[in-house]
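**Q** Below you'll find the structure I mean.
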Amino acid sequence: MTDDRRAFIKKSVAIGGYSMIVTGGLLTSPEANAEWLTETTSTDILQQTIKRLFKDQKIIESDKIDIQIPKTAENGAAVPITVTSSLNHVESIAILVEKNPIPLAAKFELSPDLEPVVSARLKIAESSAVAVIVETNEGFFTASEKVIVTPGGCEI
């Protein structure tokens, strides 16, 4: 009887302590926390994001990445995008929006055996370039498209 009671108390204290640590934010990923960037342009923020995500890897322009996104978006709160690639052994696809406060809109980790097709709806703050970076076993490749957001469409 006392062994069961002691085990129950130990588990209760452990779960309570773990809950306090998690809610206190001590077990969060440092990359998930956004930093407040002051006096930087959207291009600087985009470059910092790319540097943080891809660690100064060489990123090559490629015509083997197809981006299907409207050239003009009436509602910047939900802009559809579909990305396909004819590159071999695609490991991940990242979608970045240049003038958003947080440029990384989505990152998909894929099995190299899958067909590299991803689809999402983006929130785009203002007219800007949408860049796609594809990681393969041969390196990093990119393509981009310009999207014009009509006024009154999206408010972040």
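The values are calculated or read from the model by the stated rules, or taken from the named source; none is laboratory data. Note that the structure is a prediction, hence the values are computed from the model and not measured. Because the Cβ atoms are built from the backbone with ideal geometry, glycine has one as well, and the counts that use them run over all protein chains shown. Accessible surface areas use protein heavy atoms only, side chains included; no ligands, DNA or RNA. Shrake-Rupley method; radii C 1.70, N 1.55, O 1.52, S 1.80 Å.
**Q** Where in the stretch 107-151 is the amide nitrogen less than 19 Å from a point lying 7 Å along the Cα-to-Cβ axis of GLU61?
**A** 128-135, 139-147, by backbone N distance to the label point.
**Q** By average Cβ neighbour count within 10 Å, what is the ranking of 108-116, 131-139, 44-52, 94-102 from highest down?
**A** Packing proxy ranking, top to bottom: 94-102, 131-139, 44-52, 108-116.
**Q** A follow-up question, please. Quick one, what does Rg over Rh come out to for the stretch 102-156 if you take C-alpha atoms and the Kirkwood Rh? Walk me through the numbers before you get to the answer.
**A** Values: Rg = 13.8 Å, Rh = 13.3 Å.
Ratio value, two decimals: 1.03.
**Q** Ok, one more. Heavy atoms only, 1.4 Å probe, whole protein assembly: order THR23, THR142 by accessible area, highest first. Provide the component values of the computation, followed by the final result.
**A** Working: THR23 120, THR142 20 Å².
From most exposed to least exposed: THR23, THR142.
**Q** Using a 1.4 Å probe and counting only protein heavy atoms, arrange PHE8, PHE140 so the residue with the most accessible area comes first. Before the final figure, lay out each step's value.
**A** Details: PHE8 135, PHE140 25 Å².
If we order PHE8, PHE140 from most to least accessible, we get PHE8, PHE140.
**Q** Then there's this: Set the bar at 23 Å for Cα to Cα. Now go through LYS71/LYS123; LYS55/LYS99; LYS64/LYS123; LYS64/LYS107; LYS64/LYS99 and name every pair that lies beyond it.
**A** Flagged as over cut-off: LYS64/LYS123; LYS64/LYS99.
**Q** Place a point 7 Å from Cα of GLU115 in the direction of its Cβ. Which residues in the stretch 52-75 have their backbone N less than 20 Å from it?
**A** Answer for this model: 64-69.
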